Amino acid sequence: MKKYIERYIFDVTRRLPKEMQEEVKKELEANIYDMLPENHTEEDIDQLLHKLGSPRTIANNYKEDKRYVISPLYYEDYMRVLKLVLIIVGVVSLVFGAIDSIIGANESTLLETIGYIISRIVGDLISSLITAFFFVTVIFWAIDYHSSKSKSENWKLKDLPDLPSPKVTTISKTNTMIGLMFYTIFSTIFIVFLIKYADITGWHENGILIAPLFNTTVSNQFIVFFIISAIIGFIVYLLQLYEGKWKLNVAICYTASTIISLGIGLIFINQPNLVSTQFFLKLADTMEVTVQYLRNGLRNIMIWISVIAVVVTTFDLISIWLKTLKPKENKA
């Protein structure tokens with residue numbers, strides 16, 4: 001069953017404000033079935049729906065007649081396309097901004113580098129989004145202007161959108177893009193730190209490094225794993241944007257990515273020789289305690305951090321799987 005009537009009504013109501021959708025759905029459903037013959041055929045449905053007009057036109061008739069840069073006739077399509085284009089442009093901008101930041105960060109201090117990375121990524125992102133917004137708006141304005149000169153409506157039943165799943169837990173594209181932006185910024189900062197600043201971070205006296213914080217022979221081994229983890233996380237964000245709802249494949253990829261990131265992070269912070277012996281010696285001498293006391297204290301702190309990270313991640317994954325396996329009712 002192709003459900004053309006249901007799909008037609010859905011295509012109309014999805015273009016309306018949520019508070020109007022249920023009332024318009026009932027009204028259209030009653031009118032359409034009243035106008036159809038008792039034993040109607042698919043041809044009868046086709047003729048009636050085309051007689052009523054395209055879903056875009058019907059939806060526009062329910063709205064107030066006001067003047068806009070983009071008229072109500074195309075506004076819903078404009079917003080859908082605009083969101084899609086902004087997401088694509090935003091993702092591309094984040095990718096190139098992160099790569100450029102890793103390659104081009106040559107500031108003398110870590111704080112200057114962090115400022116450079118944030119300004120570079122956020123600046124490029126805002127500039128790209130403004131440009132995309134301008135071109136999409138101009139294109140739809142031209143389409144809207146041209147269509148106002150033509151009275152023809154060329155649409156077919158097969159072009160009607162499929163009905164949505166009755167139960168679905170949607171993924172907010174806005175929240176996902178914001179999360180992706182911060183994920184890209186912080187991942188880039190951390191990777192740049194390990195590559196360019198880990199060996200000069202530590203105990204300084206008179207501007208001279210006398211005790212490096214990290215044992216770079218240990219930290220350098222993890223750089224490639226953090227890069228791979230960042231790429232996997234980025235891809236999972238893209239999958240969430242593409243699917244738009246918590247499906248089984250999204251939940252599996254999210255779980256795998258989260259476990260990989262958590263595993264790499266926990267292994268990294270629990271490396272016994274991650275902090276250099278020189279730093280322990282200098283700190284122990286200043287605090288007037290033994291090196292072993294500091295090592296034991298650091299190990300206990302890392303254990304607690306690991307436990308908290310595992311607990312928080314577990315609750316997060318449980319929440320995701322509940323959204324996937326027990327989706328909420330879709331009222332849109």
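The values are calculated or read from the model by the stated rules, or taken from the named source; none is laboratory data. Remember, predicted model here, so these are calculated numbers, not experimental data. Every residue, glycine among them, receives a Cβ derived from its backbone with ideal geometry; neighbour counts consider all protein chains shown. In case anyone asks, the SASA skips ligands and DNA or RNA and just uses the protein heavy atoms, side chains included. Shrake-Rupley method; radii C 1.70, N 1.55, O 1.52, S 1.80 Å.
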- Message: Out of everything in segment 119-146 that is closer than 29 Å to I191 by Cα and within 18 Å of the chain's Cα centre (by Cα), what residue ends up being most open to solvent (accessible area, probe 1.4 Å)?
- Response: I126
- Task: Spot the failing condition for A211; the list is (1) small (G, A, S); (2) at pLDDT below 85; (3) crowded, with 16+ Cβ neighbours inside 10 Å, and only one is missed.
- Result: (2)
- Query: For segment 2-16, which residues satisfy the criterion of being open to solvent by less than 50 Å² (accessible area, probe 1.4 Å) and closer than 16 Å to Y75 by Cα?
  - Reply: D11, V12, T13, R15, L16
- Message: Kindly evaluate V218 against the criterion of being farther than 26 Å from V312 by Cα, at pLDDT 90 or above and of a type in the set (A, V, I, L, M, F, W, C).
- Response: yes
- Message: Would you confirm, using the coordinates I've provided, whether I228 is open to solvent by 40 Å² or more (accessible area, probe 1.4 Å), within 21 Å of F182 (Cβ to Cβ) and not charged (D, E, K, R)?
- Response: yes
- Does Q221 count as in a loop (DSSP other than H, G, I, E, B), on the phi < 0 side of the Ramachandran plot and either in contact with an Asp or Glu (Cβ under 8 Å, 6 or more places away or on another chain) or open to solvent by 30 Å² or more (accessible area, probe 1.4 Å) (or both)? no
